[in-house]
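The values are calculated or read from the model by the stated rules, or taken from the named source; none is laboratory data. Here the structure is a predicted model, which means the values were calculated and not measured. Because the Cβ atoms are built from the backbone with ideal geometry, glycine has one as well, and the counts that use them run over all protein chains shown. SASA here: full protein model, heavy atoms, side chains in, ligands and nucleic acids out. Shrake-Rupley method; radii C 1.70, N 1.55, O 1.52, S 1.80 Å.
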Amino acid sequence: MLTATVSELRCPQKIQKIKGKPTCFGHLDLHSRKQVKLDVITGELVCQKCKTQYPILGGVAILLSDVAAYLVHHVKGISQLVPDSEIPKKYLRDYLFAKAEIEEGHIEDDLEAARVISLYFMNHYLTVKAASNEWWKAENGPSSPLIAKLIQEYWDHGPFEQIQVWLEKLNQNNQLPNARVLELGCGVGGLYSVLKSGIGSYLGLDQSFASIALARHLHLGAPYPGKIMIPQDLLAGVTSREMGAKISLAQNQSVDWIVSDFAHPPLEFEGYDICIALNLIDMLDHPHELPKMQSEVLKKGGIAIQSSPYIWNERAAKQLRSHQPASVKTSAKAVEHLYTKAGFRISDSEEHIPWLFFKNLRQLEVYSVHAFMAVKGDRVQ
Ligand SMILES: C[S@@+](CC[C@H](N)C(=O)[O-])C[C@H]1O[C@@H](n2cnc3c(N)ncnc32)[C@H](O)[C@@H]1O
Ligand SMILES: [Zn+2]
């Protein structure tokens with residue numbers, strides 16, 4: 001975590017509801033134990049008010065109310081990047097127990113698994129336009145002409161391209177220069193490459209330790225043990241081709257990535273001009289919490305951007321249906337309705353943006369994404 005980031009953060013500890021305030025939000029003191037220039041690699045943040053301690057491991061600040069549970073549940077990602085000797089003693093026993101139980105599975109939604117991180121790395125950082133090595137083709141033997149054709153036609157025209165169009169519009173309206181930007185569920189951080197020109201500051205947050213560590217490596221030069229690999233023929237392993245990833249250092253100090261839960265962000269409310277959440281809403285058990293939180297963190301008149309392929313689990317879909325008027329028949333309209341109810345006015349909307357995942361030489365996954373931009377107005381519950 002960069003030393004400059006600490007002033008932006010607040011204590012996310014849940015407290016007994018006193019006068020409607022469910023979160024501590026105390027200021028944090030930084031205790032640095034290992035630092036590379038202005039980046040704290042190991043240390044902790046301590047709340048001035050409730051004294052809760054939040055560890056910084058491998059450069060990643062973990063700002064969640066239950067740190068012990070987080071370390072156990074995310075041990076797969078953490079243990080790839082952080083030596084056991086850096087884990088705070090009070091968590092070590094349970095952490096090592098969980099580490100001994102790690103299993104490599106085929107679970108697609110394990111966002112600490114190297115295989116899944118690799119899919120998002122490709123999705124965020126590899127393009128067809130700038131590819132020097134045709135990474136979608138086989139190094140040995142023939143490649144699928146269909147997969148090659150689809151990648152060449154659609155890979156570079158996913159959600160990031162649409163966001164770029166809207167950012168240009170905000171720029172022309174003078175809403176981008178010096179904007180404070182927050183990204184919820186930022187994953188491996190590739191959207192920052194699209195955002196960086198013109199904005200005032202950026203903070204990305206995500207629950208996945210491995211994703212945040214990779215984002216910090218690629219944009220801040222933070223240490224990242226291990227190689228960045230992508231899949232090829234699965235005979236050679238789940239990932240088998242090394243990709244030389246370009247580190248493109250952020251130019252100012254007001255850029256960082258942290259681990260936290262979007263529903264309890266360690267931040268002051270109403271502090272941001274733009275809040276982006278791409279492809280997060282359909283992972284949530286309570287989808288309405290996303291527009292609510294985007295509204296809480298944005299200043300009045302601030303901009304929310306949301307996108308998703310709406311791959312709901314049935315529990316979430318049921319919740320969503322119960323929040324809708326009978327006239328709403330599609331996921332896109334249902335989510336736009338949630339945002340309107342949370343006080344937003346939808347200003348721009350785009351349907352069926354292609355979003356591709358290269359899973360290996362013989363498997364390409366295609367999603368169709370809905371995205372929109374909305375302006376925070378007065379709450380109209
Ligand atoms: C489908 S991925 C999308 C990543 C990235 N925004 C993109 O569009 O490529 C969803 C991301 O949301 C994160 N996530 C899920 N629940 C979260 C939560 N409660 N708080 C913060 N991040 C969360 C996951 O770790 C994952 O990185
Ligand atoms: Zn506190």
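With a Cα cut-off of under 16 Å and a minimum spacing of 8 residues unless on different chains, the lysine pairs in segment 3-100 number 8. Computed 3J(HN,Hα) for segment 54-68, one whole-Hz value per residue from the Karplus formula 6.51 cos²θ - 1.76 cosθ + 1.60 where θ = phi - 60°, is 10, x, 10, 10, x, x, 9, 7, 10, 10, 10, 5, 10, 5, 4, glycine and proline marked x.
Annotation: per residue accessible area for segment 127-376 equals 44 Å², rounded to a whole number [probe 1.4 Å, protein chains only].
Per residue, the average separation of C-alpha pairs within less than 8 Å and at least 6 apart gives the chain a relative contact order of 16 percent. With bins 10 Å wide beginning at 0, the percent of Cα pairs of segment 127-376 falling in each bin runs 7, 28, 35, 22, 7, 0. Each residue of segment 132-144 was assigned a 3J(HN,Hα) from its phi angle through the Karplus expression (A = 6.51, B = -1.76, C = 1.60, θ = phi - 60°), giving 8, 10, 6, 4, 7, 9, 5, 6, 10, x, x, 10, 6 Hz with x at Gly and Pro.
Springs join every pair of Cα atoms under 10 Å in this Gaussian network model of the chain, and among Val369, Val67, Val36 the largest mean-square fluctuation is at Val36.
Accessible area of segment 3-100 with a 1.4 Å probe: how many percent of it is carbon plus sulfur? So the carbon and sulfur contribution to the accessible surface is 55 percent. Treating r as the C-beta distance of Ile15 and Thr340 and R0 as 51 Å, the FRET efficiency rounds to 0.95. Taking amide H as placed 1.01 Å from N in the peptide plane, the amide H of Ser347 sits under 5 Å from that of Met373, Ala374, Val375, each at least 5 places away or on another chain. If you take the square roots of the eigenvalues of the alpha-carbon gyration tensor of segment 83-218 and sort them as a ≥ b ≥ c, do you get rounded (a/c under 1.5), prolate (a/b over b/c) or oblate? Oblate, because a/c is 1.5 or more while a/b does not exceed b/c.
May I ask you to derive the FRET efficiency for Ser240 and Ser7 from their Cβ-Cβ distance with R0 = 45 Å, giving the value to the nearest 0.05? Here the calculated transfer efficiency is 0.55.
Remark on Val40: its backbone amide H falls under 5 Å from those of Leu2, Thr3, a criterion applied only to residues 5 or more positions apart or on other chains, H modelled at 1.01 Å from N. Sparsely packed loop sites in segment 97-175 (the GluC sites (Glu not before Pro) outside DSSP H, G, I, E and B with at most 14 other Cβ atoms within 10 Å) comprise Glu101, Glu103, Glu104, Glu108, Glu134, Glu139.
For segment 231-239, the Karplus equation 6.51 cos²θ - 1.76 cosθ + 1.60, evaluated at θ = phi - 60°, returns couplings of x, 9, 7, 5, 4, 7, x, 5, 9 Hz by residue, with Gly and Pro reported as x.
Carbon and sulfur atoms: what percent of the 1.4 Å accessible area of segment 127-376 do they account for?
50 percent
Distance between the C-alpha centres of segment 53-104 and segment 311-346: 36 Å, rounded to the whole angstrom.
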